[in-house]
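J.: One structure coming up, written as structure tokens, with questions to follow.
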Amino acid sequence: MKFNDYDSIYFLGIGGIGMSALARWFRQKGLRVAGYDKTPTPLTHELMEEGMELHFDDKVEFIPGYLSKEKTLVVFTPAIPKDHTEYLYLKDQGFTIMKRSEVLGLISRDYKTVAVAGTHGKTTTSSLIAHIINTAGQDMVAFLGGITSNYDSNLVMRGDVSKDTVVVAEADEFDRSFLRLFPDVAVVTSADPDHLDIYGDHQSMLKSFGDFISQINKGGTLMIHHSVASLAASNKNITVHTYGMNQGQFFAGNLTTTGGFFTFDLIGPSTQINGITLGVPGFHNVENAIAAALVAKNLGISDDVIRKALGSFRGVRRRFEFVFNQHGRIFVDDYAHHPTEIEAFLRSLKAMYPERKLTVVFQPHLYTRTRDFAAGFAQSLSLADTLVMMDIYPAREVPILGVTSDIIFNDVTSPVKIRSSKKDLLAKLETLPLEVIATVGAGDIDTFVKPIKDMLSKKQ
């Protein structure tokens, strides 16, 4: 299949973070881009400002009339339900329809590809890799799962696309999308249990990670967190490097912290990069930075450039994002939606502000994930001094009998815990003595970031 056979691309679910990166890619390539999404967001507004035609009602009459089945590729996200009106119509009309992961796989196959997989850390790690390559002045394109603060986009491009271009892609384990990629260099940051609604059990998920590793091209390289290093056995034709904070072949030495920000030396066999100061906080980001630095070394990028880029990296929107820091109040927003992620985030935040009370607003994401990890969520959220628990964000799922936020909430041991609906959230926060506040979750909790920021701005 050749993309130059098409003059238009139509996206079903264009507002998704991965989908919008592809939309931006095709738009930059000069194709006409249009699409549907369920809800308008700041991101969909940006896409419209960039010249894309969007609508938010699932109605056939809103599909642009200029689309033809001969010259239009339809791209859809798995979040689109099987009974979606537009999807069924386009399928019936004989349009070529492909999943986002298939399209990304086709784009990447002609270039040297770096793929970052893992249940946690892949967005920050892939963004770090993209930033280092860009800082080095190499031709590259990165399809990211978040909006980078350095580039204010989830698509980062440098130079003309040619045979020497490096493609950086997130390898998403959800619905086994990462099996569409055949990378030259890969990272596996973690493989904790997740998406059990798709996989059934952790062993099945681990098998898929092994399958992904087996697809690394012969002679390629894998950077893998020491905790899941056994997965590397699925491919005997690659070079494997293990890493971690203080374990693995490559690790952080001489680690010091000031206000949650870290300086360290990257130490490993025949490698030492001294005096790295990381531009973003969080213990977990030290490991992400080590993985990114190893990829950069593999690409021939100098230690000086790596050191400079890691220091100038400003993070990813909704990943330990500082929203407000005035009047003695600090507000941080984070996408964490798995117990392991939440614990890492909250422990880092408490380490930065050990003398201050931490209020956490949490919105669970998916009924199945809430059911499967309720005990883990309760344990990690108990790190908060005050927990404000919202209702489950269902996303693509229908309710499961007996599964509500309460199965987490009831086991939380925080000194103060409060249940709140969306409509009551701001009023309840107004009554609390807020010192450090964090919004946490992968649903639509981000829609409250600006209202909370505005509320804090008004308080003296």
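J.: Could you please find all residues in the range 328-383 being closer than 22 Å to Lys423 by Cα and aromatic (Phe, Trp, Tyr)?
T.: Across the range 328-383, the qualifying residues are Phe331, Tyr335, Phe362, Tyr367.
J.: For the range 276-303, which positions are farther than 21 Å from Val114 by Cα, surrounded by fewer than 24 Cβ atoms within 10 Å (Cβ to Cβ) and not aliphatic (A, V, I, L, M)?
T.: Result: Thr277, Gly279, Pro281, Phe283.
J.: Filter the range 148-169 down to the residues that are within 26 Å of Lys308 (Cβ to Cβ) and modelled with pLDDT under 90, then identify the one that is surrounded by the most Cβ atoms within 10 Å (Cβ to Cβ).
T.: Looking at the filtered set, the residue picked out is Val161.
J.: Can you tell me how many residues within the range 302-350 are farther than 23 Å from Lys458 by Cβ, of a type outside the set (Lys, Arg) and within 15 Å of the chain's Cα centre (by Cα)?
T.: Counting residues in the range 302-350 that are farther than 23 Å from Lys458 by Cβ, of a type outside the set (Lys, Arg) and within 15 Å of the chain's Cα centre (by Cα) gives 12.
J.: Take the range 65-78 and flag every residue that is closer than 22 Å to Arg176 by Cα and either outside any strand (DSSP E or B) or free of Cβ contacts under 8 Å to residues at least 12 places away in the same chain (or both).
T.: Scanning the range 65-78 gives Thr77, Pro78.
J.: Taking the range 241-266 on its own, how many of its residues are assigned to a strand (DSSP E or B) and surrounded by 19 or more Cβ atoms within 10 Å (Cβ to Cβ)?
T.: Count: 9.
J.: Which ones in the range 358-397 are part of a helix (DSSP H, G or I) and within 22 Å of Ile198 (Cα to Cα)?
T.: If the condition is that a residue be part of a helix (DSSP H, G or I) and within 22 Å of Ile198 (Cα to Cα), then Tyr367, Thr368, Arg369, Thr370, Arg371, Asp372, Phe373, Ala374, Ala375, Gly376, Phe377 are the ones that fit.
J.: For Ile400, which of the numbered conditions (1) touching a strand residue (DSSP E or B) at 6+ places or on another chain (Cβ under 6 Å); (2) in a loop (DSSP other than H, G, I, E, B) fails to hold?
T.: The single condition Ile400 does not satisfy is (1).
J.: Related question: Can you find a residue in the range 407-430 that is on the phi > 0 side of the Ramachandran plot and either assigned to a helix (DSSP H, G or I) or not assigned by TED's automatic domain parsing to the domain that holds Asp192 (or both)?
T.: No, the range 407-430 contains no residue that is on the phi > 0 side of the Ramachandran plot and either assigned to a helix (DSSP H, G or I) or not assigned by TED's automatic domain parsing to the domain that holds Asp192 (or both).
J.: Can you spot a residue in the range 344-357 that is outside any helix (DSSP H, G or I), modelled with pLDDT under 90 and among the polar types (S, T, N, Q)?
T.: No.
J.: Within the range 338-355, does at least one residue satisfy the condition of being farther than 25 Å from Glu287 by Cα, in the same structural domain as Leu425 (by TED's automatic domain parsing) and surrounded by fewer than 20 Cβ atoms within 10 Å (Cβ to Cβ)?
T.: Yes, the range 338-355 contains a residue that is farther than 25 Å from Glu287 by Cα, in the same structural domain as Leu425 (by TED's automatic domain parsing) and surrounded by fewer than 20 Cβ atoms within 10 Å (Cβ to Cβ).
J.: Could you grab me the full set of residues in the range 408-431 that are touching a helix residue (DSSP H, G or I) at 6+ places or on another chain (Cβ under 7 Å), among the hydroxyl-bearing types (Ser, Thr, Tyr) and surrounded by fewer than 15 Cβ atoms within 10 Å (Cβ to Cβ)?
T.: Within the range 408-431, none qualify.
The values are calculated or read from the model by the stated rules, or taken from the named source; none is laboratory data. Quantities reported herein were computed from a predicted structural model and do not represent experimental measurements. Neighbour counts are summed over all protein chains in view; Cβ atoms, including those assigned to glycine, are modelled from backbone coordinates with ideal geometry.
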